[in-house]
1. Loop-only check: which GluC sites (Glu not before Pro) in the range 1-64 are DSSP coil with at most 10 other Cβ within 10 angstrom?
2. With Cβ to Cβ distances under 15 Å as the rule, what net charge do the other residues near Gln49 carry (K, R +1; D, E -1)?
3. In deg cm²/dmol, rounded to 500, what helix-only [θ] at 222 nm does the chain give when every DSSP H run of at least 4 residues adds -39500 (n - 2.57) and the total is split over its residues?
4. Stretched out fully, how many nm does the piece from Val167 to Gln95 gain, at 0.36 nm a residue minus the Cα gap?
5. Among the GluC sites (Glu not before Pro) in the range 63-165, which ones are in a DSSP loop with at most 14 other Cβ atoms within 10 Å of the Cβ? Mind listing them?
6. Once R0 is set to 35 Å, what does the formula 1/(1 + (r/R0)^6) return for the Cβ-Cβ distance between Arg84 and Leu137, expressed as a FRET efficiency to the nearest 0.05?
7. How much length, in nm to one decimal, is gained on full extension between Glu32 and Met124, taken as 0.36 nm per residue of separation minus their Cα-Cα distance?
8. Report the local net charge at Lys152: Lys and Arg +1, Asp and Glu -1, summed over other residues whose C-beta lies under 15 Å from its C-beta.
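Bear in mind that the values in this text are calculations on the coordinates, not laboratory data. Everything quoted here is computed from the prediction, not taken from an experiment. Note that each Cβ is placed from the backbone with ideal geometry, even for glycine, and that neighbours are counted across all protein chains shown.
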Amino acid sequence: VVAKKLSYVYIDTGAMYRTITYAALEQKVDIENEEKLMEVVKNVNIEFQQGENTQLVFLNGQDVSEIIRTPEVTNRVSIVAKHRLVREEMVRRQQELAEKGGVVMDGRDIGTHVLPDAEVKIFMLASVEERAERRHLENINKGFDSNLEQLKKEIAQRDKLDSEREVSPLKKADDALELDTTSLSIEEVVQKIMSIVSGVFAK
């Protein structure tokens, strides 16, 4: 939504790791094995296209926008994302996408590692409970089986894995502005982000 308002390109870096995870699972590759994972990565072409109301993600020409959001992928993506070589290749691709500027990039290590010189950095927070509620509703709307209590555990575990990983862990950049979205609607979040962006660009 923010990217659309700014006429920028939106890049969901999490979707890139999800796509790699999905490809590895489809090929029955051991996701703990970095060497085998890298063979998958080398043969994966990830493209983004703007749909009517959402961003579409393509894996070697196949639309995987929905399937990469399934619990099977979600619960394994942090394992894939912890591997150094996988992250290095994904970061290289993300930096390549951002080279021309005019992008809104969403991810867990953007401000600290991928684009440390970004003009605007916003570190968005929400409680585990709130994020679980959001994912629960999203799953139900998409027709996926969903258990709210299980989601809370999975989200907390993913936060722990991402915060403690050796390579570019999840953390706030020193110069990032913090935005707690726990009690905010999407419209309110967008409004606050646009206000921050306007303030930075006005300087």
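1. On the way: sites: Glu26, Glu32, Glu34, Glu35, Glu39, Glu47, Glu52; in loops: Glu32, Glu52.
Answer in residue order: Glu52.
2. Details: positive: Lys4; negative: Asp12, Glu47, Glu52, Asp63, Glu66.
Net of charged neighbours comes to -4.
3. So the helix-based figure for the chain works out to -15000 deg cm²/dmol.
4. 24.3 nm
5. Glu66, Glu99, Glu119
6. My answer for the efficiency is 0.50.
7. Contour length minus the Cα-Cα distance gives 30.2 nm.
8. Numbers: positive: Arg131, Arg134, Arg135, Lys153, Arg158, Lys160; negative: Glu129, Glu130, Glu133, Glu138, Glu149, Glu154, Asp159.
Here the charged neighbours net out to -1.
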